[in-house]
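Only the coordinates and a few stated rules stand behind these numbers; no lab work does. Model, not experiment: these values are computed from the prediction. Don't worry about glycine lacking a Cβ; one is built from the backbone with ideal geometry, like all the others, and counts go over all protein chains shown.
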Amino acid sequence: MLLSKKLNLLLLTMSIFLAGCWDRIDIEERGFVIGTALDLADQKSNEDYEVIMTNQFVIPAGLGSITEGSGGQEAFMNISETGTSLFRTNRKFSQLNSQVPFYQHLKVLLISDEVMKQPNLFSDMMDFYIRDHAMRRSIRLVVAEGEARDILNLKPKNVNVPSMYLDDLMENVDRNTSTIKPVHVGEVQELILNEQSYVLPIVKKAGDQAEYGNVVVINGESNQMVGSLDEEETAGLGFVNGHTEGGVLEIQVDDDLIAIEITEIKQNMNIKNRQKDQLRVGISIDIKGNIAEHFGGRSVLKEQYVNKIEKSAEKKVKELVGNTIEEVQGELNTDVLGIGKTLYKFHYDFWQKIKNDWEKGENYFSSAVIDVNANVEIDRVGSNDRIKMSEGG
């Protein structure tokens, strides 16, 4: 009897290992999607939309060399399908392609600006990417100016796959103040759940290349695009909320053009007056940088002149931030500055009293007085003047 029980237990244990992976899909049967574009096809009713989903599949055989003009095999293939549900539309791809779409390597999700303009359509789409266990929260989101699928058809020089090109393009955020750090699906999920307003970066076609920079503004309640910020307004926003990591600040000092390379930005926001109709906010911005380029005859080795550069830079930063505040308060009525987030974090009781009238109703955000203070410190002035002095001496 005991021997029989042991034998049954052994057979049961062996059956577990013999079963294998019941849901296994061979790698040859997987279609690796690295980029997806979502475009608006049609509006069926007030709440129902037909969307075009375009997936960019990698063709491994074409990754070995650049194929443009060579007659070799392409490194990618774009396939589009239309539907009202992304989940069902995704299932249709198996009818168009012999390989099953595999999203664990998806890098970039492009959404057309027309999709972003529709109330709650974008947040409904995000539900598919958040729920699916195969989707990574690190997928980068970017808004396409015009048709998003056109961006996936770009063939920039020396790059095999457009999605990889876009992913690399978004890495260069520290080179320009008008670009922001990449925004990921995981971040947007949290913003949507908390009904916080936010910004997303823009990409647009520029010939055979893509131009990455500036932002669109998304209202947290309607989850729709309410406007966009231009290059200078995007720079001002970055100085306030930390979206910008660095870049170059150009200023004029006594008719001399000076380019300052920003090496560090720190922000601090405090609430000065907690009264609904007289809310006052203070924003302090501390910047460190180096003189990267100087056009003019004055010596940047003189302390007095360096101080003048710092004051001019501080004035420029305050102007940029002021223009941004004027746009988001006066035109867009949307808090992407992070004031509501600061109130929620540090003044929760007061926030509960005004949150329903923050960006709508009484619109306390737009009536808030925002004071900006900027401090710029030049760490390095360069060695060009020293070279001139040694040659002259």
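Residue by residue, what Karplus-based ³J(HN,Hα) values in Hz, rounded to whole numbers, does segment 100-111 have, using 6.51, -1.76 and 1.60 with θ = phi - 60° and x for Gly and Pro?
7, x, 10, 9, 5, 10, 5, 9, 10, 10, 9, 10
Relative contact order, percent, of segment 27-229 when contacts are C-alpha pairs under 8 Å separated by at least 6 residues?
On the way: 437 pairs, mean separation 41.1, N = 203.
It comes to 20 percent, rounded to a whole number.
At a Förster distance of 30 Å, what's the computed FRET efficiency of Ala259 paired with Lys181, Cβ-Cβ distance as r, to 0.05?
Details: r = 22 Å, r/R0 = 0.73.
Rounded to the nearest 0.05, the efficiency is 0.85.
Got a sec? How would Phe76, Phe350 order by Cβ neighbour count within 10 Å, fewest to most?
On the way: Phe76 22, Phe350 16.
Ranking Phe76, Phe350 by Cβ neighbours within 10 Å, fewest first, gives Phe350, Phe76.
Excluding same-chain pairs closer than 8 in sequence, count the lysine pairs in segment 27-229 whose Cα atoms lie under 27 Å apart.
For segment 27-229, the number of qualifying lysine pairs is 22.
Shape call for segment 183-331 from the C-alpha gyration tensor, a ≥ b ≥ c root eigenvalues: rounded (a/c under 1.5), prolate (a/b greater than b/c) or oblate? Don't skip to the answer; put the middle values down first.
Numbers: a/c = 2.44, a/b = 1.48, b/c = 1.65.
Verdict is oblate for segment 183-331.
Report the extension gain between Lys315 and Phe295 in nm, rounded to one decimal, defined as 0.36 nm multiplied by the number of residues separating them, less their alpha carbon distance.
Numbers: separation 20, 0.36 × 20 = 7.20 nm, distance 1.95 nm.
This chain segment gains 5.3 nm when fully extended.
How many nm separate the modelled label positions at Asp286 and Glu211, each set 7 Å beyond the Cα in the direction of the Cβ?
Between Asp286 and Glu211, the label points sit 3.7 nm apart.
Once you order the gyration tensor axes a ≥ b ≥ c over the Cα atoms, which shape class does segment 245-393 get: rounded for a/c under 1.5, otherwise prolate or oblate by comparing a/b with b/c? Intermediate results must be reported in sequence, preceding the final value.
On the way: a/c = 3.75, a/b = 3.04, b/c = 1.23.
It comes out prolate by the Cα gyration axes.
Tell me whether segment 98-226 comes out rounded, prolate or oblate; compute the Cα gyration tensor, take square roots of the eigenvalues as a ≥ b ≥ c, and use a/c under 1.5 as the rounded threshold. List each step's numbers first, then the result.
Numbers: a/c = 1.64, a/b = 1.21, b/c = 1.35.
Verdict is oblate for segment 98-226.
For Lys311, go through the lysines and keep the ones whose alpha-carbon is under 21 Å away, minus same-chain ones fewer than eight residues off.
Lys266, Lys288, Lys302
With a 10 Å Cβ neighbour count serving as the proxy for reagent exposure, in which order, fewest first, do Trp351, Trp358 appear? Could the numbers behind the result be given before it?
Numbers: Trp351 18, Trp358 24.
Ordered from fewest to most neighbouring Cβ atoms within 10 Å, Trp351, Trp358 come out as Trp351, Trp358.
Pick out, from Thr82, Ile151, Ile34, the residue whose Cα sits farthest towards the positive end of the charge dipole of segment 27-229, with +1 on the Cβ of Lys and Arg and -1 on the Cβ of Asp and Glu.
Projecting each Cα onto the dipole axis, the largest value belongs to Ile34.
By how many nm would the segment from Ser366 to Glu331 grow when fully extended, if each residue of separation counts as 0.36 nm and the alpha-carbon distance is taken off? Walk me through the numbers on the way to the answer.
Numbers: separation 35, 0.36 × 35 = 12.60 nm, distance 0.92 nm.
Stretched out fully, the Ser366 to Glu331 stretch lengthens by 11.7 nm.
Enumerate by residue number the trypsin sites (Lys or Arg not before Pro) in segment 239-284 meeting two conditions: DSSP loop (anything except H, G, I, E, B), and at most 15 other Cβ atoms within 10 Å of the site's Cβ.
Listed in order of number, the matching sites are Arg274.
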